[in-house]
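Input: a single structure, listed below in structure tokens.
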Amino acid sequence: MAFWDGLFPRRASQFESGNSVTNAIVLSKRNATVSLNKQGALSGNLRVNLSWRMRTSDIGGRSRQSGRLLRPLKLFQPDVVQAHTQGMVNVDLDLGCMYELADGTKGVVQPLGNLIGDLNASPYIRLSGDDRFGAPSGETVYVNLDKRDEIKRLLFFVYIYDQTPAFDRTHAKVTLYPGNGPRIEIELDERAPQARSCAVFTVENVKGELIVRREVKFVYGFQSELDRMYGFGMQWGRGYKTRA
């Protein structure tokens, strides 16, 4: 990256689809779908990862950035550490997946209720780990694409466990890593201060072709509201996490 790119970070290009430099496909409103078939990604495990970090740049707002541009030498001075509110520190984003199988079976894989799923038996989806602190590794759900004919549709979603609306305080990204082909990235970059859940993307089996579609639809409720939006028709109750 050039020195001037560091001074003017917004100058970087925003890729909406295949990026030869990063070997990634970025789904956006304009380019919202991608076929796993056409990417040659129909075998092995599809790894879906959620990662996030706090929006530290929002603490100072635009005035900090504009001040640095007027005084370039400020770029080389460390930021003053600012106190965070308790809610800002304790943001806990969770990754989940609602599924409908070819035989009509419906369910959910998520940290709440310890519904971790199974990779080698129905539903062929498994949650690996529950990141409660925004660690670099994030949270990951695996989908067994060798059993793709058993899968009718999937809805991957993110929700805030502690019920504190904080999507506008985080930089969150969901990345799909197929067994073959480029990774697929979806940014949760729309501000939704009061939202508690977000439908991130769907995977639909259309006559044997697996289509990934970006959704990024924020809602003020939780899983039951996402269920109503996408018509899974499941019954929902209050769930809890085991203590770490």
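Structural remarks
- Residue within the stretch 151-165 that is among the hydrophobic types (A, V, I, L, M, F, W, C) and farther than 22 Å from residue 112 by Cα present: yes
- Number of positions in the stretch 108-118 that are modelled with pLDDT of 95 or more and either of a type in the set (Phe, Trp, Tyr) or surrounded by fewer than 17 Cβ atoms within 10 Å (Cβ to Cβ) (or both): 1
- Total residues in the stretch 181-240, condition assigned to a loop (DSSP other than H, G, I, E, B) and either touching a Ser or Thr at 6+ places or on another chain (Cβ under 7 Å) or surrounded by 15 or more Cβ atoms within 10 Å (Cβ to Cβ) (or both): 10
- Evaluation of residue 197 against (1) touching a Gly at 6+ places or on another chain (Cβ under 9 Å); (2) under 28 Å from residue 149 (Cα atoms); (3) at pLDDT 90 or above (one fails), failing number: (2)
- The single condition among (1) modelled with pLDDT under 95; (2) closer than 15 Å to residue 97 by Cβ; (3) assigned to a strand (DSSP E or B) that residue 130 does not meet is (3).
The values are calculated or read from the model by the stated rules, or taken from the named source; none is laboratory data. On a predicted model such as this, the values are computed, not experimentally measured, just so you know. So basically every Cβ, Gly included, is an ideal-geometry build from the backbone, and we count neighbours across all protein chains shown.
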